[in-house]
Amino acid sequence: MHITELQTPYIGRKIIVYGSGKNANRPVPHWREVQQVSGPLYKGREAVNKYGELKCDLYLLYDEVPVGLRYIKNQHIDDRVTTEYLLGLLQSENLASLSGYLDNLREDMENSRWVGLADIEFVKQFDEPLAQKLALHRQNRLELWEQARRRNEKEGQVKR
């Protein structure tokens, strides 16, 4: 079924998204009207962008968590975007359950991958110790990135 053909009702839910302007790097909860695709996957209302393309945001809303999380911003809506396609995407990324989502975050830490502030804010709702570990991991990654930047800058100055 194409996602524009969904018959489930729209409901208001709080979703963690990044702010705008000076708060662009700060995750904040905002009310959104969402429509269930299946399981924890919801979509926002469709909108046409300035290029005439139909788009919508996709969200993860797990039953165990009061505030959801934006999964994909500005998903293009074309003939290929069916509920089956989106569910396959969710399953292939291990996001069909909260435990799968958390496994992904733990794997990100183990493999020294980036963890976003919105993910940390989302996890704070139900697992404060894990959120603190994620925040520490993120801070360590930022420090390593800054050290590498300074080292590269220093090497660039020496080569001149």
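Lys55 - would you say it is in a strand (DSSP E or B), more than 16 Å from Phe122 (Cβ to Cβ), out of contact with any helix residue (DSSP H, G or I) (no Cβ under 7 Å at 6 or more places or on another chain) and of a type in the set (D, E, K, R)? Here the answer is yes, as Lys55 does meet what is asked. Looking at Asn94, Asn104, Asn111, just one residue is closer than 12 Å to His137 by Cα and either surrounded by 12 or more Cβ atoms within 10 Å (Cβ to Cβ) or not charged (D, E, K, R) (or both), and that residue is Asn111. Restricted to segment 1-40, and to residues there that are within 17 Å of the chain's Cα centre (by Cα), of a type in the set (A, V, I, L, M) and part of a strand (DSSP E or B), the residue that is nearest to Val123 (Cα to Cα) is Ile16. Selection of segment 121-152 for residues being among the small types (Gly, Ala, Ser) and more than 19 Å from the chain's Cα centre (by Cα) yields only Ala148. Taking every residue in segment 54-77 that is in contact (Cβ under 8 Å) with a residue 60 or more places away in the chain and pairing it with any residue that is open to solvent by 30 Å² or more (accessible area, probe 1.4 Å), at least 6 positions away or on another chain, the pairs with Cβ-Cβ distances below 7 Å are Glu64/Phe126; Val65/Gln125; Val65/Phe126; Ile77/Thr4; Ile77/Glu46; Ile77/Leu54; Ile77/Lys55.
So, in segment 27-52, exactly how many residues are without any contact (Cβ under 8 Å) to a residue 24 or more places away in the chain and surrounded by fewer than 18 Cβ atoms within 10 Å (Cβ to Cβ)? Residues meeting the conditions: 9.
Screening Ala118 against (1) part of a helix (DSSP H, G or I); (2) at pLDDT 95 or above; (3) over 14 Å from the mean Cα position of the chain (by Cα) leaves a single unmet condition, (3). Residues in segment 75-97 include none that are under 19 Å from Ser38 (Cα atoms), basic (Lys, Arg) and touching a strand residue (DSSP E or B) at 6+ places or on another chain (Cβ under 8 Å).
The values are calculated or read from the model by the stated rules, or taken from the named source; none is laboratory data. What you see is a predicted model; the values in this text were computed from it and never measured. Glycine gets a Cβ as well: all are built from the backbone with ideal geometry, and neighbour counts include every protein chain shown. Side chains included, ligands, DNA and RNA excluded: accessible areas come from the protein's heavy atoms. Shrake-Rupley method; radii C 1.70, N 1.55, O 1.52, S 1.80 Å.
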